Amino acid sequence: MGATHARDDDAEEARVSAPSVRSQLFRRKPVVDMVEETGAGRPEGGALARRMGVGQLMGLGIGATIGTGIFFVLTSAVPEAGPAVIVSFVLAAITAGFTALCYAELASTIPVAGSSYSYAYATLGEVVAYVVGWCLVLEYAVSSAAVSVGWSEYLNELLDDTIGLRIPDALSFAPGAGGVVNLPAIVLVTLCALLLVRGASESARANAVMVVLKIVVLLFFAAVAFTAFEAGNLSPFAPLGAAGVGAAASSIFFSFIGLDAVSTAGEEVRDPRRTLPRAIIGSLIVVTTVYLLVAVAAVGAQAAGLFEGQEAGLAVILENVTGSRWPAIVLAAGAVISIFSVTLVTMYGQTRILFAMSRDGMVPSLFSRVDPRTLTPVRGTVAVALFVGALAGFVPLDFLVDLTSMGTLVAFLVVSVGVMVLRSTRPDLPRGFRVPGYPVVPVLSVLFCLYLLYGLPPVTWGLFALWLTLAAVLYVTYARTHSRLRDPR
């Protein structure tokens, strides 16, 4: 009888202490715990090594951004917006600018790996963080695959111009784009994975060299293209009106993924509360300047009707402008180097997102196991390379570009909301940077993100809904019960 009463008492105690479904879904991870488990407050702590400074971090941001779109996105954006694609770039840059300020504040307040996933976990709760994490996984994987496909196009252009050789279409295009498998894209993903396995600082140094080369090449393109600038090419300026401009801006936005890539390195930079904001804002300024120069030069040098379906478009423009092949060869070589660095950094970002999620129990521990010699998540990097390689080899480019924009915009929107939530719930936290014009700037960032999301095509929304459905299933069946916060005590 006594044993029965004891069991009843235990059951009653369990019912009383068991957290509600709502409290499980929206439990937050304390910022102090996040910082402590990274070793940010003690030089000897943390699983990842803090070795990067402002220069290397800006290199990551610029490396992940310049090249992601500008070398090949004009072929799809100009047919939508016409010469008004310049306005589309401005819209995307303004949205990215508002969001960059929000990123700078959260990155200086929560200097950990995981970017907007970690920020959402601290401000909006576990289920929101999990959805954001899945958006980031989609964003980085698809972005890596998309630029790998673009790299394949420029590699073919370079081989054709230098030695008169082209990789057969069957081996350089995905099914649905006229081929069987995009082999060069898979090779690129493999090379990036090998470099990432060697170490973050080694990857950052290699990326810094490639960033300098890509900026020089794009400035070279602008200088040459401006010599053929014709005002007549800008008319009609916006043939499809505001709708076309908005649709192009939505597609272009994936070109600004580098802002998020900077914050994924929160556990591998020195003095993160000062370094992260400077690197984020500095990257945005450089990237926006280069993008606008190239866009204006390109639409001024070539009629809008010629952009559609143009493979390795910037190289073709140079060849048409100069009547010579050597400028196109220089541009194609620069693109091959440039896009290599983009793939490198976006794959790096994805491994760090999964690292943070794995440490919280949201995904298997495979992704947070760090090699004791290189201090990098080797197994997680290999898993990412396999997934990205499959996308790059077998999925056409158009689907990849819009899906990347979707994931990026959702992540940026959550960061902007997170700034407002954290200001309200934890005004006492030390902040290395504060958003100027608060709360107007975060609100404008949210509104611009929503506008660009509205401009994405229905098929992208459908694919994104399928992705979120998969995320919901995995959260219920795995993450909710493996979460490190599952014990209410």
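The values are calculated or read from the model by the stated rules, or taken from the named source; none is laboratory data. Keep in mind that what you see is a predicted model, and the values were worked out from it rather than measured. Cβ atoms come from the backbone with ideal geometry, glycine included; neighbour counts cover every protein chain shown.
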Can you tell which of L195, L158, L191 is touching a residue at least 40 places away in the same chain (Cβ under 8 Å), exposed (fewer than 15 other Cβ atoms within 10 Å of the Cβ) and under 16 Å from I339 (Cα atoms)? L191
Just to check your reading of the model, which residue among V224, V245, V286 is at pLDDT 85 or above, within 29 Å of F355 (Cβ to Cβ) and not in a loop (DSSP other than H, G, I, E, B)? V286
Name every residue in region 308-367 that is closer than 29 Å to Y119 by Cα and among the acidic types (D, E), in order of residue number. D360
Of all residues in region 418-446 being crowded, with 21+ Cβ neighbours inside 10 Å and touching a Pro at 6+ places or on another chain (Cβ under 8 Å), the one that is farthest from S116 (Cα to Cα): V435
Answer yes or no: is there a residue in region 67-90 that is within 30 Å of F433 (Cα to Cα) and in contact with a Lys or Arg (Cβ under 8 Å, 6 or more places away or on another chain). yes
Determine, yes or no, whether A64 is under 22 Å from the mean Cα position of the chain (by Cα), of a type in the set (A, V, I, L, M, F, W, C) and at pLDDT below 80. yes
Test: residue in region 375-384 that is in contact with a Lys or Arg (Cβ under 6 Å, 6 or more places away or on another chain) and assigned to a loop (DSSP other than H, G, I, E, B): no
Check V417, V410 and return the single one that is at pLDDT 90 or above, β-branched (V, I, T) and assigned to a helix (DSSP H, G or I). V417
If you go through region 107-145 one residue at a time, how many are assigned to a helix (DSSP H, G or I), more than 17 Å from the chain's Cα centre (by Cα) and not aromatic (F, W, Y)? 7
With the checklist (1) without any contact (Cβ under 8 Å) to a residue 24 or more places away in the chain; (2) among the acidic types (D, E); (3) over 30 Å from V415 (Cα atoms) in hand, flag the one item E308 doesn't pass. (1)
